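The values are calculated or read from the model by the stated rules, or taken from the named source; none is laboratory data. On a predicted model such as this, the values are computed, not experimentally measured, just so you know. Cβ: placed from backbone, ideal geometry, glycine included. Neighbour counts: every protein chain shown.
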Amino acid sequence: MALRTTRTSISFKAPFQLAALDEVLPAGIYDIDTEEEIIEGNERTVYLRVATLLHVRSHNMVRTVTIDPKALQAAFDADDRS
């Protein structure tokens with residue numbers, strides 16, 4: 001199984017919370033890795049998302065948490081309106 005990983009960043013203006021975490025995360029810039037499985041077909045290649053990872057930095061440490069991309073998008077949309 002071949003995987004590709006795409007790294008992006010997301011910026012929150014206000015503290016936010018995700019169901020995957022028991023804590024409120026501070027405003028700031030967070031790195032997001034999207035891991036996708038590559039499925040090659042006869043006519044085209046398809047990428048199927050298998051994981052979305054959020055990198056949380058605190059006190060010179062980095063935690064990587066698997067998150068729901070829809071929950072992340074909802075938190076970002078709510079932040080954008082604040």
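With the requirement that a residue be loosely packed, with under 11 Cβ neighbours inside 10 Å, free of Cβ contacts under 8 Å to residues at least 12 places away in the same chain and in a strand (DSSP E or B), what does region 2-39 give you?
Val24
Assess whether Val46 counts as being in contact (Cβ under 8 Å) with a residue 40 or more places away in the chain, part of a strand (DSSP E or B) and in contact with a strand residue (DSSP E or B) (Cβ under 6 Å, 6 or more places away or on another chain).
Spelling it out, it is not the case that Val46 is in contact (Cβ under 8 Å) with a residue 40 or more places away in the chain, part of a strand (DSSP E or B) and in contact with a strand residue (DSSP E or B) (Cβ under 6 Å, 6 or more places away or on another chain).
Could you list, ordered by first residue, the pairs with Cβ atoms under 9 Å in which the first is in region 49-69 and hydroxyl-bearing (Ser, Thr, Tyr) and the second is loosely packed, with under 14 Cβ neighbours inside 10 Å and assigned to a strand (DSSP E or B), at least 6 apart or interchain?
From region 49-69, the pairs are Thr52/Thr66.
Within region 29-43, track down each residue that is within 21 Å of Gln73 (Cα to Cα) and either of a type in the set (S, T, N, Q) or out of contact with any strand residue (DSSP E or B) (no Cβ under 7 Å at 6 or more places or on another chain) (or both).
Listed by number, the list holds a single entry, Thr34.
Kindly establish whether Ile32 is modelled with pLDDT under 95 and of a type in the set (A, V, I, L, M, F, W, C).
Spelling it out, it is not the case that Ile32 is modelled with pLDDT under 95 and of a type in the set (A, V, I, L, M, F, W, C).
With (1) in contact with a helix residue (DSSP H, G or I) (Cβ under 7 Å, 6 or more places away or on another chain); (2) more than 12 Å from Leu72 (Cα to Cα) as the list, and Phe12 as the residue in question, which single condition is left unmet?
So the condition that Phe12 fails would be (2).
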